[in-house]
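Have a look at the structure below before the remarks.
The values are calculated or read from the model by the stated rules, or taken from the named source; none is laboratory data. From a predicted model like this one, the values you see are computed outputs, not experimental measurements. Methodologically, a virtual Cβ is constructed for each residue, glycine included, from the backbone with ideal geometry; neighbour enumeration extends over all protein chains shown. We work out accessible area using only protein heavy atoms, side chains counted, and drop any ligands, DNA or RNA first. Shrake-Rupley method; radii C 1.70, N 1.55, O 1.52, S 1.80 Å.
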Amino acid sequence: MSLHLSVKPIYGWGWTDGIGTIEPPREFTAVVEDGSEQLVGVVGSGEFSGWSVAMSKRHAGPFDGLVNVTILNNGADKIFSGSAEISKDLME
């Protein structure tokens, strides 16, 4: 089942481009498939439009809406990662 999400990046422990710390990106949308432990799909809007995205629960226990996010381009030569907030009812 495809899910259309609004992803709101937060600072958390910081965002990285694989080299150093960067500012969190702007809010973006994503279309993802609901997997057993993570959501995987494509960024729909924003500076990473068309890039692959994977999200997993940030904390153990009941889902609090916070996810770890990895965004990579199709060539996988650029990878960005950090934390974000999505709807709390998605990963129950």
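Among the residues that make up segment 59-73, is at least one of them touching a Pro at 6+ places or on another chain (Cβ under 8 Å) and touching a residue at least 60 places away in the same chain (Cβ under 8 Å)? Looking through segment 59-73, at least one residue is touching a Pro at 6+ places or on another chain (Cβ under 8 Å) and touching a residue at least 60 places away in the same chain (Cβ under 8 Å).
Taken over segment 9-30, residues that are open to solvent by 60 Å² or more (accessible area, probe 1.4 Å) and closer than 16 Å to residue 70 by Cβ amount to 4.
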